[in-house]
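Please read the structure below before turning to the comments.
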Amino acid sequence: MPLTTPSVFPPESHVFSKFASRRSVVHSTKGIVSCSQPLAAKCGIEVLEAGGNCADAAVAVAAGLNMTEPCSTGIGGDMFCLFYDAKTKQVSAMNGSGRSGNKCTLETIRSSLGLKDGESGKIPLSSVHAVSVPGAAAGWVDTIERFGSGKVTLQQVLAPAIELGEKGFPVAEGVAYFWNKSEPQIRRASPNGSEMLKKDPSAQDGARAPKAGEIMKNPALAQTFRTLATEGKKGFYSGRIATELVKVVQDLGGHLEFDDLAHHMETGSEPVSPISLKFRGQNVRDLLKDSVLTSSNSDSGSDAPDLGLELWEHPPNGQGIVALMALGIIQELESQGKIPTFSAADFNTAPYLHAIIEALRISFADAAWFVADPNVSDVPTDSLLAPPYLASRAALFDPTRASDVLTHGSPALQSSDTVYFAASDSSGNAISFINSNYGGFGTCIIPRGCGFTLQNRAANFSLEKGHPNVLAPRKRPYHTIIPALVTNLHDGSLHSVYGVMGGFMQPQGHVQVLLGQVVGRLSPQQALDAPRVCIGAGGEGKSDRMVYVEEGMSADTVDGLKKLGHEVKVLTDMERAQFGRGQIIRWSVDPVEGVGVWSAGSDPRGDGAAYPL
């Protein structure tokens with residue numbers, strides 16, 4: 001008699017990993033998919049094999065992750081992407097986030113939450129009022145239409161994920177842990193909770209969270225994908241799916257209407273101009289010099305190349321500007337002589353991390369006030385990234401102590417859970433893609449017969465009058481999900497696509513992982529392996545001195561941060577989820593063969609890896 005899955009997997013435990021793991025960089029000349037679930041990666045690989053490009057593959061991965069990791073992402077959430085076109089060397093951005101309902105006025109939602117005039121408050125993550133219009137469905141369709149190869153159909157792209165839902169898939173260890181943790185909320189959030197649980201006649205109400213290695217089926221989500229595949233956006237934002245979505249929200253006291261879904265279907269995902277910061281600090285020139293000069297055919301009399309990196313992020317309503325500001329402040333601190341040009345030996349030391357922590361605190365203080373929907377509020381993006389303003393904010397840095405409570409600046413006076421994955425293809429194109437429910441399964445509210453949960457993204461709105469991010473009808477909230485992309489300054493070629501998922505950890509991860517490669521001289525995999533720190537993002541100008549440090553950081557570093565005045569808490573085992581999970585795909589050229597090579601890493605904190613075509 002064969003062994004059952006419980007004999008393969010140990011009992012569920014809070015222990016993250018009993019043994020240190022080792023991963024190598026994954027290389028390919030044809031393309032790579034790097035994501036947190038192997039079965040989802042296979043969805044993308046199948047699309048690449050069928051002739052699709054990285055954008056086609058990314059949508060296949062997004063759908064596969066919805067099936068295999070619904071505790072982080074899904075079609076009931078939002079998405080953003082950055083696309084690098086190898087032929088034009090252009091970076092394009094697409095905002096696939098949804099808006100609040102037309103009847104979701106500040107007064108209506110405050111009243112629904114029972115908040116009195118003058119009383120402060122937030123929208124709870126579990127509240128039906130945290131549901132905003134899901135943007136992912138439109139974003140998937142628009143990604144293929146705008147950036148796809150034209151060689152594969154939406155039906156082909158979604159087919160692998162549909163098969164996973166109908167035939168079933170074995171559940172990964174990390175996903176099983178969070179699925180079990182969310183089971184109580186899934187049960188109480190809506191009458192349809194059993195759709196997100198494994199059928200088991202012996203369990204309460206005949207269903208329960210799946211265990212690691214067990215087969216999970218989701219035929220309802222497979223049918224949702226079939227509808228999107230055959231009918232496009234109309235199939236999601238009208239008809240049966242829209243009816244059930246609006247019904248469950250309104251039955252629970254929410255205010256979304258059919259017109260809100262129709263509005264998003266007609267509006268579609270918004271093409272936006274990516275924002276960027278040119279980084280020439282921390283000896284990045286020396287890091288790039290040899291490879292650039294080796295590949296250059298220019299004679300010695302030509303101008304010296306501009307050696308440095310350009311970090312690209314999504315503009316607000318995303319928080320990518322936090323990463324750009326923090327990197328800019330670090331560059332200013334170096335030029336002002338307040339921090340040294342760190343060496344590889346300084347990586348993850350207390351002085352090194354102190355500079356990163358303080359730069360992030362300053363940046364979050366601004367973002368908590370200024371990041372909002374630029375179509376509704378005035379967001380001074382250019383001014384926030386202007387060198388004079390960054391220099392003025394760098395003046396707040398003290399190399400000898402942690403900062404006190406910080407408030408936002410005035411840039412106008414100066415002139416102002418989630419899944420991340422990456423894919424590349426044999427033509428040199430690459431995409432940085434992120435899709436999220438926000439908090440875990442989002443609200444855990446499930447439209448009947450649809451197989452997905454609704455996000456809780458609207459919980460990020462402010463409920464205070466006068467705040468740029470204040471809730472208003474048909475407005476996008478402050479968004480935590482951010483993809484990143486890096487190009488080389490000397491010729492606009494691609495350096496990498498990368499990201500680190502996990503709420504307000506994301507811009508912090510962007511800065512730490514990029515500087516790990518620049519300062520620490522780490523490979524893509526090593527940069528993701530390295531222990532990280534995380535600070536509270538603060539809110540509306542508030543911050544504290546708490547720094548969460550991942551186990552594995554040296555005792556000298558922990559003691560050094562404490563001596564600088566930081567309150568330090570070391571997180572171990574499954575608490576390490578706070579530090580996010582990242583992916584990196586880098587591009588280089590073999591100097592002898594002249595052949596392009598993709599080199600990728602994947603975060604060991606997740607269930608997945610990087611997979612070559």
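The values are calculated or read from the model by the stated rules, or taken from the named source; none is laboratory data. Computed from a prediction, not measured in an experiment: that's the story for all the values here. Virtual Cβ from ideal backbone geometry, glycine too; neighbours counted across all protein chains shown. Accessible surface areas use protein heavy atoms only, side chains included; no ligands, DNA or RNA. Shrake-Rupley method; radii C 1.70, N 1.55, O 1.52, S 1.80 Å.
Quick one: is ILE162 crowded, with 17+ Cβ neighbours inside 10 Å and in contact with a Lys or Arg (Cβ under 7 Å, 6 or more places away or on another chain)?
So ILE162 fits the description; yes.
Among the residues of the range 214-248, count how many are within 21 Å of LYS198 (Cα to Cα), of a type in the set (Gly, Ala, Ser) and open to solvent by less than 10 Å² (accessible area, probe 1.4 Å). Qualifying residue count, the range 214-248: 1. Screening GLY492 against (1) open to solvent by less than 10 Å² (accessible area, probe 1.4 Å); (2) at pLDDT 95 or above; (3) not charged (D, E, K, R) leaves a single unmet condition, (1).
Residues are listed down the side, and each one gets a yes or a no for (1) surrounded by fewer than 24 Cβ atoms within 10 Å (Cβ to Cβ); (2) of a type in the set (D, E, K, R); (3) out of contact with any helix residue (DSSP H, G or I) (no Cβ under 7 Å at 6 or more places or on another chain):
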residue	(1), (2), (3)
GLU49	yes, yes, yes
ALA58	no, no, no
ASP78	no, yes, no
ASP85	yes, yes, yes
GLN90	yes, no, yes
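Taking the listed residues ALA367, ALA372, ALA359, the one that is more than 22 Å from VAL284 (Cα to Cα), touching a helix residue (DSSP H, G or I) at 6+ places or on another chain (Cβ under 9 Å), buried (at least 23 other Cβ atoms within 10 Å of the Cβ) and among the small types (Gly, Ala, Ser) is ALA367, with no other qualifying. A count restricted to the range 254-274 and to residues that are touching a His at 6+ places or on another chain (Cβ under 8 Å) and either part of a loop (DSSP other than H, G, I, E, B) or farther than 15 Å from ALA138 by Cβ (or both) stands at 3.
Restricting to the range 407-431, and then to whatever is part of a strand (DSSP E or B) and at pLDDT below 90, can you tell me which residue is nearest to SER132 (Cα to Cα)? Once the filter is applied, the top-ranked residue is THR418. Quick check, is ALA577 under 30 Å from LEU494 (Cα atoms), part of a helix (DSSP H, G or I) and of a type outside the set (Asp, Glu)? So ALA577 fits the description; yes. Cβ separations smaller than 8 Å between residues 6+ apart or across chains give the following pairs from the range 261-273 residues that are under 20 Å from ARG240 (Cα atoms) to residues that are open to solvent by 30 Å² or more (accessible area, probe 1.4 Å) and modelled with pLDDT of 95 or more: LEU261/SER238; ALA262/SER238; HIS263/ASN102; HIS263/ARG474; MET265/LYS233; MET265/LYS234; MET265/SER238; GLY268/LYS233.
Screening the candidates ILE481, ILE434 for the property of being outside any loop (DSSP other than H, G, I, E, B) and either aliphatic (A, V, I, L, M) or closer than 18 Å to PHE147 by Cβ (or both) yields one hit, ILE434. Taken over the range 519-537, the criterion of being of a type in the set (S, T, N, Q), open to solvent by 10 Å² or more (accessible area, probe 1.4 Å) and assigned to a helix (DSSP H, G or I) is satisfied by GLN526 alone. Restricting the range 431-456 to residues that are of a type outside the set (Val, Ile, Thr) and in contact with a strand residue (DSSP E or B) (Cβ under 6 Å, 6 or more places away or on another chain) leaves a set whose member that is farthest from LEU471 (Cα to Cα) is SER432. Would you confirm, using the coordinates I've provided, whether MET546 is open to solvent by 30 Å² or more (accessible area, probe 1.4 Å), touching a Gly at 6+ places or on another chain (Cβ under 7 Å), more than 21 Å from ARG22 (Cα to Cα) and at pLDDT below 95? The answer is yes for MET546.
Within the range 109-140, being assigned to a loop (DSSP other than H, G, I, E, B) and closer than 30 Å to PHE83 by Cβ holds for VAL131, SER132, VAL133, PRO134, GLY135. Take the conditions (1) outside any loop (DSSP other than H, G, I, E, B); (2) out of contact with any helix residue (DSSP H, G or I) (no Cβ under 8 Å at 6 or more places or on another chain); (3) open to solvent by 10 Å² or more (accessible area, probe 1.4 Å); ILE45 misses just one of them, which is (2).
Among the residues making up the range 375-392, a single one is within 13 Å of ILE330 (Cβ to Cβ) and open to solvent by less than 20 Å² (accessible area, probe 1.4 Å): LEU390.
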